[in-house]
Amino acid sequence: MRIAIAIAALSVLVVGFSGTSAQQPTSPTPVLTALDYLEIEQLVYRYGYALDTGADNGSGYADLYADDATFTGTNQGPSGRTYQGRERLAALARGGKRGPNFMSHWVTNVVIEPAPGGAIGKTYVGIFDIGNGGNGAKSRVDHGGLYNDVYVKTPQGWRFKSRSFFESTSGAPVQPPPAMMAPPRALSASPGPQSPNPESRIPNPGRLTAEDYIEIQQLVARYPYALDQNPDEGLSYANLFTPDAVFRQPRTEGRQNLATMASRAPHGAKYTRHFLANHVIEATTDGAVGKQYLVAVDIGESGQPSSIFLGGHYEDVYAKTPEGWRFNTRTFIASATGTEAK
Amino acid sequence: MNVRSTRVVSIIGVAVLALAWSAHAVSGQADSASPRPLASVAGKPAASFAGLTPLDYIEIKQLVSRYAYAVDTGADNGNVYASLFAPDGAFADRMGRETKGREALAALARRNTRGPQSAFHFIVNHVIEPTSEGAVGKEYLVQLRIGEGERPNDIFGGGHYEDVYVKTPDGWRFKRRQFMPSEGGPRPRQEAEAR
C-alpha cells in the first residue's frame, strides 16, 4: 500500500520537527495520513460558515473546538483576549451581522504540520463585508490576518485545541507568532539516509497519489508565508524552489536571486498579503503542473481602508525532488479583461 | 441547513450513477479506491455515506478549482465550463432558475467570460460531505474586479455555492450548483460604526 509506505517515510521525518506552541512534552507526535490532512482542512473550512451564520445559536461554532479549547483574539484590547469553554465560544458566533447566507471569513493558504499531541496549522483569513444581495457597491475587505492553530483528534474527529487570530501588520518584524513551521518536507518521498542531491528528480508515472496532491498543496500554501512574513532573508522562500528554478516576472533564476527578490518585497512577522485560491494540479509525465488565482490585498492598518493591490494567476511547474515537491517554474500573469491573448 | 435539503432533493437522480461508478477510481489508483469510513468533521455524523477516499476529496476539490478558470475565461467557446457538469447537471442562479444541458451551459460561460486572462471568481472554504449518492459541498465565492481598465480594483460581490457532486465515468462532476448571494441582514448602525 502506497499510503503505508508514506506513513513509514513520514514517521522518520516527523522526528526532526519541533513545534514551539505549548504542548505537553510527553505527547507523541502522530503520523498524519492523507485523510488526516483532508479532515483538518475540512475543519478549517467549516470555521467560516459556523462563525458567519451563527448556526444553532453559536453551538455550531463551539462544536469545532475540543473540550477546554481556546480562541484568542490577539487584536482585542492591549494584550489580547482568550475565550474558553463552550458557552463563551458559542457567544462569539452570536449577534452582529450574521445570517444563513452571510459570507465574511475567507480562509485560505492552509498549512498543516504534525506536532506532538496532534497537529498545528496556520491560515490566512480575509474578513470581508459583502454587500447585501451581491450588490458590489458596499463590498469591502474589513480586515484580515493570520490564524495560528493547534488541532487535536477527538473521538468525534479533528477539532481546534487552540486558535489565535493575529491582525495583519506590515513593517518591521515584531514578536513572531507561535506555531512556527518546519520547511516543507516530502510526505510520500523517502528522504534516504544520505544527503540527497537536490538536482535529482524522482520520476513520475504520469499520475499523482493522494500524498502527492497534498504535498503540492502544502508547498503552494507555504508560498505566501515565505513571501509576506519572510523570517530569514528569503531563505524559506528560495527553498520552496528547485535550485535551477525560474520565477517570472521579473525573470529570477536560482535560489540566491529568489531570496533577494523576496526580501525586497514588503514583509513582516504578521503580514498577510498574498491570498491564493482555486488551486488546480495536473500530473505530467515528469512531474506536475498547476495554477492558482492570486489576490494581493493591502489590509488597512490603524483604521485605514483596505485595498486590492493586484490579482491574477500563477502558472507552475512542480518537480518531485528527494526533499519533496518544489516549484521548478512559477509564472505570474496579471488579471486583465478583454480578448487579447496573454 | 440548505445543504441538507439540497441533498434530499438530489437522492433520486444521483443514486443510480453513483452506485454504478463508486468502485471506479478516476486516476486508476487501485490502492486508494476502496471506500473507507470517514469520521464526520462537524461532529454530526453524515446521514449516510458510501465513503469518500482521499482521492475522491482531492478530485472534488480539483473540480471546484477548475470551475473558476472555466467560467472566467470561457475557454473552448464555453465547452470547458459545460464539461464540468454531469450530462444532466444544472447551474441554478440565486432565484433557483436552472441552466441545464451542454449547449446552454456553454452559452452561460460565453456570456460571463471576462477574457482569457481574467481572474474574477475566487472560491475558498470548500466543505465536502459524503452522501449515499456521492457528495455535497459548499464554498465561499468572492468576485474581484482586478485590472479592468481604469476602474480601481474592487470587490464586485460574493456569496456561496451549494453543490451536489456525482461520480461519472469521466470523474466527479457537478450534478447541481446553486449560487446564493451573501446577505448579512440588518445591521445595527452603532455597531457598523464601531468596527
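Laboratory data are not the source of any read-out in this text; all were calculated from the coordinates shown. Just so it is clear, the model here is predicted, and its values are computed rather than measured. Glycine gets a Cβ as well: all are built from the backbone with ideal geometry, and neighbour counts include every protein chain shown.
Brief remarks on what is shown
- Remark: for residue pairs A:Lys320/B:Lys100; A:Lys97/B:Lys138; A:Lys270/B:Lys167; A:Lys153/A:Lys270; A:Lys97/B:Lys100, the C-alpha separation exceeds 32 Å in A:Lys320/B:Lys100; A:Lys270/B:Lys167; A:Lys97/B:Lys100.
- The slack in the chain from A:Thr285 to A:Gln84, taken as 0.36 nm per residue of separation less the alpha-carbon distance, amounts to 67.3 nm.
- With neighbour counts taken as other beta-carbon atoms within 10 Å, the residues B:Arg145, B:Arg110 rank, fewest first, as B:Arg110, B:Arg145.
- Segments A:93-105, A:75-87 sorted - mean Cβ within 10 Å per residue, highest first: A:93-105, A:75-87
- Peptide A:67-79 has a mean shielding of 0, counted as Cβ atoms of other protein chains within 10 Å of each residue's Cβ.
- This ranking places B:Met180, B:Met95, A:Met261 by how few other beta-carbon atoms lie within 10 Å of each, fewest first, which gives B:Met95, A:Met261, B:Met180.
- Relative contact order for the stretch A:28-167, counting Cα pairs under 8 Å that sit 6 or more residues apart, in percent: 27
- Reach of A:Lys122 by Cα under 19 Å, taken over aspartates and glutamates that are not fewer than 8 positions away in the same chain: A:Asp36, A:Glu39, A:Glu41, A:Glu113, A:Asp149, A:Glu167, A:Glu215, A:Asp228, A:Asp232
- Neighbouring Cβ atoms from other chains, within 10 Å of the Cβ of residues in A:277-289, number 4 on average.
- The modelled label-to-label distance between A:Glu315 and A:Thr154, using points 7 Å beyond Cα along the C-beta direction, is 4.6 nm.
- Here r is the Cβ-Cβ distance between B:Asn112 and A:Ser27 and R0 is 45 Å; the resulting FRET efficiency, rounded to 0.05, is 0.35.
- Residue-normalised convex hull volume from the C-alpha trace of the stretch B:53-183: 114 Å³ per residue.
- Counting, for every residue in A:51-60, the Cβ atoms of other protein chains within 10 Å of its Cβ and taking the mean gives 1.
- B:Asp170/B:Ala75 FRET efficiency (R0 25 Å; Cβ-Cβ; nearest 0.05): 0.90
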